[in-house]
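Each remark here refers to the structure printed beneath this line.
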Amino acid sequence: MKTQSLHLKAPDNWINDPNGFIYYNGYYHLFYQYFPYGPRWGTMHWGHAVSRDLVTWEHKGLALYPTTRADQNGCFSGSAIEEGGKLYLVYTGVRYEVVNPEDPHTCLDEQFESAQLLICSEDGYHFDNEHGKEVIIPPVTDPSVGDRTHTRDPKIWRGRDAWYLILGSTMGEKYGEVLFYRSEDLHTWTYINKAFKGPEYGWMWECPDYFETAGGGVLLLSAMGLLNNGEKERNQSICFPVAFDEATCSIQIPDDYQYLDYGLDLYAPQTTLDAEGRRIMTAWVRMPKVADGGWIGMFCSPRVVEVQDGHIFFRMHPNIRKAYSQAIQNPAETRSGYLASFDLTDGGEINIGGYLITRKGNRIVTDRTAVYPSFEGAHLISETPDTDYNNPDGTCHLDVIVDSNLIEVYVNDGEYVISSAVYGLTREIRCSGCKESRVYAAER
Ligand code: FRU
């Protein structure tokens, strides 16, 4: 089957969220939302890819597809855990209540219900779609708890004394909320508690993820309708440093949040632990049009999540950094992607094949106008907040991963990251106001 390096891309057609991300029996397994019949969103299946090192990925074909009443119209997002040597996936099954006469692969007027399902695999590769699925949380029927339609994306983890599950939901389509469940045995789940902020944090919270790090707990959310600035992507992934109490499943969510990524293209992140116990994150890169080769949708390179003094860092994973091992003079020397590093002074500007990165005071600003399709609501200019972690000499350190359809700008070792989908980059770099610049290829 097809292999890919450094960025996992749709093998063909369409992919969106990463699902079931786990290090299991010596391999990273990364599943994903997949529509196998065309380059657009539709009835969701789970595609499957595996990797030894997070660098080279091998596509394994389909893992999950609709086979039961509960998931007859799609296997939506979910997560994985290992228990007793087996791999378990939990995910959302959707069932449309009416047929859409225009298109059986999409729902008419949001008339659907959502349940949470479990499926077990002995080896991480074989899934009994015909007989192995179990509904563990039926559609929510109590409107004071959550929504029958918009409740989805279970993320599961082992707590100190039990299994825990966080679900995204909405309170009457007015504001997003997360629901917490607990289980002793993975099969019987009890609703314990919920958390929310209010309408200014979006009307529905998708793909929640909660985890602890050495520097504190983190909550990731993908908030629908968060922005209202005339741009296309109103849905945005945000993160908060949080404190979570297992006994009561209560969580303190502060008012202020960071964006997952300041390019605002990433969405639906998912985290897991890597082979060394680091918390790592990947996310869907939303692309506005089909790339050369007829595919659409990819994932950002995996990032190590760390919390320091209440700030959430997304650092380049060491395996990714190591993969770019060959120092070269300029990008024309390699046929594949590359990593470029800079120490940028105030007012400095870098041009990466038409993608502009400038430093304005303590902010990094990017402009992709020359390498992005033009359409109404296109998000072209991105910027970080003020940086706090510049080099001792006042320069700002940038590590920029460049691939044909994605640029990732790591600012000060992950203090902030700007990731941008791009089209038609040229193979040249120009820089003014750089103290230091280096380029590395993964292969020539
Ligand atoms: C996020 C999302 C999830 C859902 C999936 C469906 O992008 O909308 O909430 O499970 O995509 O493909």
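Quick look at the values:
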| read-out | value |
| --- | --- |
| Looking only at the range 206-222, and only at residues there that are in a strand (DSSP E or B) and either at pLDDT below 95 or more than 14 Å from the chain's Cα centre (by Cα) (or both), the one that is surrounded by the most Cβ atoms within 10 Å (Cβ to Cβ) | Val218 |
| Number of positions in the range 4-24 that are within 10 Å of the ligand (Cβ to nearest atom) and either of a type in the set (A, V, I, L, M) or surrounded by fewer than 18 Cβ atoms within 10 Å (Cβ to Cβ) (or both) | 1 |
| Filtered residues of the range 170-190 (kept if surrounded by 14 or more Cβ atoms within 10 Å (Cβ to Cβ), within 16 Å of Gly159 (Cβ to Cβ) and of a type outside the set (Val, Ile, Thr)) | Leu179, Phe180, Tyr181, Arg182, Ser183, Leu186, Trp189 |
| Residues within the range 32-85 that are of a type in the set (Ser, Thr, Tyr), in contact with a Pro (Cβ under 7 Å, 6 or more places away or on another chain) and more than 15 Å from Gln116 (Cβ to Cβ), tallied | 2 |
| Those strands (runs of 3 or more DSSP E) lying entirely in the range 226-293 with at least 2 residues free of Cβ contacts under 8 Å to residues at least 60 places away in the same chain and either within 30 Å of Arg52 (Cα to Cα) or within 16 Å of the ligand (Cβ to nearest atom) (or both) | 236-245 |
| Scan of the range 322-352 for residues that are at pLDDT 95 or above and of a type in the set (D, E, K, R), ordered by number | Lys322, Asp343, Asp346, Glu349 |
| Yes/no for Asn193 being assigned to a strand (DSSP E or B), surrounded by fewer than 21 Cβ atoms within 10 Å (Cβ to Cβ) and either away from the ligand (no atom under 16 Å from the Cβ) or on the phi > 0 side of the Ramachandran plot (or both) | yes |
| Residue match in the range 298-319 (condition: within 16 Å of the ligand (Cβ to nearest atom) and outside any loop (DSSP other than H, G, I, E, B)) | yes |
| The range 86-133, residues that are basic (Lys, Arg) and assigned to a loop (DSSP other than H, G, I, E, B) | Lys133 |
| Residue list for the range 76-102, filter: acidic (Asp, Glu) and in contact (Cβ under 8 Å) with a residue 24 or more places away in the chain | Glu82, Glu83 |
| Breaking point among (1) out of contact with any Pro (no Cβ under 8 Å at 6 or more places or on another chain); (2) surrounded by 13 or more Cβ atoms within 10 Å (Cβ to Cβ), for Ile166 | (1) |
| Whichever residue in the range 25-44 is crowded, with 20+ Cβ neighbours inside 10 Å and within 23 Å of Trp157 (Cα to Cα) and, among such residues, is farthest from the ligand (Cβ to nearest atom) | Tyr28 |
| Exclusive hit being within 16 Å of the ligand (Cβ to nearest atom), modelled with pLDDT of 95 or more, among the small types (Gly, Ala, Ser) and within 28 Å of Thr106 (Cβ to Cβ), set Gly61, Gly47 | Gly47 |
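Residues are listed down the side, and each one gets a yes or a no for (1) in contact (Cβ under 8 Å) with a residue 40 or more places away in the chain; (2) under 25 Å from the mean Cα position of the chain (by Cα):
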site	(1), (2)
Arg335	yes, no
Leu339	yes, yes
Ile350	yes, no
Gly361	no, no
Ala370	no, no
Ser374	no, yes
Ile381	no, yes
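The values are calculated or read from the model by the stated rules, or taken from the named source; none is laboratory data. In this text the structure is predicted, and so the values were computed from the model without any measurement. Virtual Cβ from ideal backbone geometry, glycine too; neighbours counted across all protein chains shown.
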